[in-house]
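**Student:** Below you'll find the structure I mean.
None of the figures in this text is laboratory data; all of them are computed from the coordinates on show. None of these values were measured; they are calculated from a predicted model. Please note: Cβ atoms are built from the backbone with ideal geometry, for glycine as well, and neighbour counts cover all protein chains shown.
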DNA sequence: GCACACTGTGTGCGCCGTACGCAGACCATA
DNA sequence: TATGGTCTGCGTACGGCGCACACAGTGTGC
């Protein structure tokens with residue numbers, strides 16, 4: 001255990017509440033999650049671009065370089081922000097079937113992304129290892145508990161839903177920013193996608209219904225249908 | 001048509017080869033796609049971080065500010081880079097079924113992402129409107145030509161595959177960078193995901209097979225299974 | 001051929017992330 | 001408790017970024 005601690009980056013050690021041996025220098029004034037919360041506040045208000053080391057420090061009444069006591073680089077700050085932004089996953093009723101559980105999970109996930117759209121712009125260099133991220137992972141995997149899926153199946157199915165939510169959120173993110181953006185896009189697309197070179201796009205545009213309200217759940221159902229087939233295949 | 005041109009950002013006008021009325025000042029020395037090619041060269045070599053206005057300009061033997069003749073802001077450069085990086089989609093054998101066509105499309109898409117991993121880090125603010133991006137879109141939509149899917153169905157199914165390829169590429173991107181990264185991750189995950197708090201993750205880790213080779217096509221098949229069900233439903 | 005309008009570009013600014021080095025706090029020892 | 005050595009937190013400062021601005025200079029229209 002002791003040896004293992006050394007292998008973890010400092011930020012993760014702090015997020016997991018592992019105490020380090022006493023060291024010289026001033027005691028930490030607060031917990032790293034307060035830094036994360038301040039950064040999240042800035043990002044919610046002004047987008048990811050509004051998050052800089054100096055702004056976060058100022059938000060806390062700190063000097064810029066003080067942050068480097070908790071964090072080794074800007075990327076570490078992102079890790080803390082993500083953990084802070086998602087929070088604990090909503091509890092899922094385990095008496096429901098896997099499909100309902102995963103739907104609820106996906107909806108909660110999307111809600112979190114709507115609350116914190118900047119999450120989609122955070123550059124990701126590592127798979128998740130922070131506590132709350134693992135909570136979310138655990139919740140999704142647990143939905144498959146009653147199925148015959150292999151460990152790999154469960155993991156990839158979870159990632160499939162994860163990817164779906166992130167992807168759709170990314171596509172719709174800019175539309176929510178200002179209304180009319182999708183209309184403008186439609187106009188431009190109609191102008192550029194001429195029937196001679198882009199017959200299929202042009203034909204599609206003519207018959208398009210501009211009602212996106214159910215798009216999320218409809219698309220999710222398609223994904224879940226695919227997973228359902230996998231489950232049935234494994235049951236045999 | 002004339003009026004429409006005005007509505008398009010300058011970069012797109014250039015990408016589409018629309019000539020603007022003669023203007024004062026020096027004639028353009030070259031086409032905007034050469035700028036894109038230079039930027040792509042830099043990004044391929046040193047990641048997206050290696051792409052800056054001054055570096056791109058230097059690559060072309062130019063001063064920094066000269067680029068702003070072609071491009072209004074850094075974001076415009078990204079648009080050109082994406083168009084340049086993807087290139088024309090590989091032609092797809094239209095005698096094949098939709099499923100085979102889409103599989104081929106997805107594989108080509110993924111290959112492009114492997115060749116230009118930085119694409120996944122490019123911040124996206126707008127849906128695609130550049131010529132080659134529309135070519136890719138057209139190719140994917142055409143695969144559904146023989147089906148009874150509605151225009152909305154085709155669009156969302158295409159986006160589903162698109163999202164899937166991007167998402168999986170993102171997840172595996174960092175693993176390809178240095179071998180052993182996934183092992184390190186596995187060790188850390190095993191250390192953190194203790195059975196008491198994360199029983200499902202821990203149990204899954206024990207039974208995990210570390211062979212990712214077929215993950216891409218397997219997951220893609222799950223997605224396509226979902227779409228197939230949609231197609232069958234529409235056929236009724 | 002001339003004047004004007006408008007574009008392309010050099011200078012310079014504000015901001016970023018963080019390398020570096022020193023002041024000073026902690027712990028071990030006496 | 002006094003003191004020395006060690007190691008840490010953080011202020012200063014740097015290189016690089018995207019691009020605002022103003023002006024130089026070209027091409028156009030009369």
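**Student:** Treating region A:104-236 as a set of equal point scatterers at the Cα positions, no solvent, please give the Debye-formula log₁₀ I(q)/I(0) at q = 0.11, 0.16, 0.19, 0.21 Å⁻¹.
**Tutor:** Each listed q maps to, in turn, -0.56, -0.96, -1.14, -1.27.
**Student:** A further question on this structure: Would you calculate the separation in nanometres between label points at residue A:148 and residue B:68, each defined as 7 Å from the Cα along the Cα-to-beta-carbon direction?
**Tutor:** Spacing of the two 7 Å Cα→Cβ label points: 6.6 nm.
**Student:** Report the FRET efficiency, 1/(1 + (r/R0)^6), for residue A:114 and residue A:31, where r is their Cβ-Cβ distance and R0 is 35 Å, rounded to 0.05. Write down the numbers at each step before the final one.
**Tutor:** Working: r = 27 Å, r/R0 = 0.77.
Rounded to the nearest 0.05, the efficiency is 0.80.
**Student:** In addition: Closest to the A-onto-B rotation axis, which residue of chain A has its Cβ, and how many Å off the axis is it?
**Tutor:** A:226, 2
**Student:** Please arrange B:172, A:168 by counting, for each residue, the other beta carbons lying within 10 Å of its beta carbon, fewest first.
**Tutor:** B:172, A:168
**Student:** Helix-only mean residue ellipticity at 222 nm, chain B, DSSP H runs n ≥ 4 weighted -39,500 (n - 2.57), per residue, nearest 500. What is it?
**Tutor:** That calculation yields -19500 deg cm²/dmol at 222 nm.
**Student:** Pulled fully out, how much extra length does the chain show between residue B:90 and residue B:234, if you take 0.36 nm times their separation in residues and subtract their Cα-Cα distance?
**Tutor:** Taking 0.36 nm per residue and subtracting the Cα distance, the gain is 48.9 nm.
**Student:** Moving on. Express in whole angstrom the spacing between the alpha-carbon centres of region B:199-236 and region A:66-135.
**Tutor:** The distance from the Cα centre of region B:199-236 to that of region A:66-135 comes to 23 Å.
**Student:** 7 Å along Cα→Cβ for the label point: how many nanometres lie between residue B:73 and each equivalent label in the other copies, listed shortest first?
**Tutor:** Label-point distances to the other copies, shortest first: 2.7 nm.
**Student:** Once you place label points 7 Å from the Cα toward the Cβ at residue A:18 and residue B:100, how far apart are they in nm?
**Tutor:** Those two pseudo-labels are separated by 5.3 nm.
**Student:** Taking only Cα atoms, what is the 0 to 90° angle, nearest 10, from helix A:32-46's long axis to the longest principal axis of chain A?
**Tutor:** Tilt relative to chain A: about 40 degrees.
**Student:** For chain B, would you read off the P(r) tail past 21 Å as a percentage of all alpha carbon pairs? Before the final figure, lay out each step's value.
**Tutor:** On the way: 18445 of 27730 pairs.
The proportion of pairs with Cα distances above 21 Å equals 67 percent.
**Student:** Which whole-number percentage describes the relative contact order of chain B, with Cα contacts under 8 Å and a sequence gap of 6 or more?
**Tutor:** 18
**Student:** Distance in nm between label sites at residue B:205 and residue B:191, each 7 Å beyond Cα in the beta-carbon direction?
**Tutor:** Distance between the two pseudo-spin positions: 1.0 nm.
**Student:** So, one more: Starting from a Cα-only point model with no solvent, please compute log10 I(q)/I(0) by Debye for the protein assembly as shown at q = 0.08, 0.10, 0.12 1/Å.
**Tutor:** -0.54, -0.85, -1.21
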